[in-house]
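Trainee: Handing you a structure now.
The values are calculated or read from the model by the stated rules, or taken from the named source; none is laboratory data. Since this is a predicted model, take the numbers as computed values, not measurements. Ligands, DNA and RNA are excluded from the accessible area calculation, which covers all protein heavy atoms including side chains. Shrake-Rupley method; radii C 1.70, N 1.55, O 1.52, S 1.80 Å.
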Amino acid sequence: MKKEQVAHCRFSVWYPLFRTVTIRSVILPLPDNVKEYLLDDGTLVVSGREDPPIHAQEGSDDAEEIQVSAPEFPEFTAKVEEAISSLGGSVFPKLNWSAPRDAYWIAMNSSLKCKALSDIFLLFKSSDFITRDLTQPFIHCTDDSPDPSLDYELVLRKWCELIPGAEFRCFVKENKLIGISQRDYTQYYDHISTQCEEICRSIQEFFKKHIQYKFLDEDFVFDVYRDSRGKIWLIDFNPFGEVTDSLLFTWDELISGRNLKGDQSEEEATEQDYPVFRCTNSQVTVQPSPYLSYRLPKDFVDLSTGEDVHKLIDFLKLVRSTEKNSHLSSL
């Protein structure tokens, strides 16, 4: 995987080419001071939240008021509010490549649905995926060429209630669709098993009509959504390489072509110039969500969001006491 391939998957690169077959979106340049705020490792205080001042507990030894504040970005905030309004009042946020899917648990609604910049900041500052976009976008690239210059951007997509069982990931090699995987592979969906041939055919037709030979590379991955009417919508593009989750395939299979024809039906599909289609075909194989490993204990969440003021005060007092004891012991 080359750096150029990663650069071609930036949202602002592909969106103008496929605007008519994807979800309506707004792209805003990300100011440098906002990027610095997102990368700040300090206590998570979300800019734009209208929280009351934090006071010490009644009867405590601390008489002073603890002021916790975050930087403000009035011009950027105004642009974001205008964009959210133009998209119907609720959006799905992401950066150049990634969405904060690993941080959904920290939101009040346990969702990536955002109605204000503070919602977006809370997700972004809690996401390893977003941090990777900002710091190591070319980490898995094999070429030694200089990193392409990047202008970071906030992408706001019109919020749509997408059913996980209708999302699919498609793998393209040398401009040929070689594999399709159920996106939410941890769950069993009966309709996918019973309609797999129809789903595969409709995605293949969509690919040939709207995607093939139109993307900037010949090896790439794209995600689609099949709605209740059977219409296919483009969701995203990703690089063809290990930085992208291969789901029910392995990257060795996809790159080498070996073992793609795992059974007779897959072999027949390949011979007919159809992609190999894989889905979770039994409830026995259902697995936990891959994002569970990113979650934190509830007490940590309360501290990071400021939802429990008393826990935050106790934590700050504990830190102060520890530092004081450490100083005394060193004397």
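Trainee: Just the accessible area for residue 113, please: 1.4 Å probe, Å², rounded to the nearest 10?
Mentor: Accessible area, nearest 10 Å²: 60 Å².
Trainee: When the chain is fully extended, how far beyond the present Cα-Cα distance does residue 258 get from residue 150, taking 0.36 nm per residue of separation?
Mentor: 35.3 nm
Trainee: With all protein chains present, calculate the accessible area of residue 72 using a 1.4 Å probe and round the result to the nearest 10 Å².
Mentor: Roughly 120 Å² of residue 72 is accessible to a 1.4 Å probe.
Trainee: Ok, one more. Relative contact order, percent, of segment 69-119 when contacts are C-alpha pairs under 8 Å separated by at least 6 residues?
Mentor: This gives 39 percent for segment 69-119.
Trainee: Got a number for carbon plus sulfur as a percent of segment 113-205's accessible area, 1.4 Å probe?
Mentor: The computed percentage sits at 45.
Trainee: Moving to a separate point now. Kindly report, to the nearest 10 Å², the accessible surface of residue 159 as traced by a 1.4 Å probe over protein heavy atoms only.
Mentor: 60
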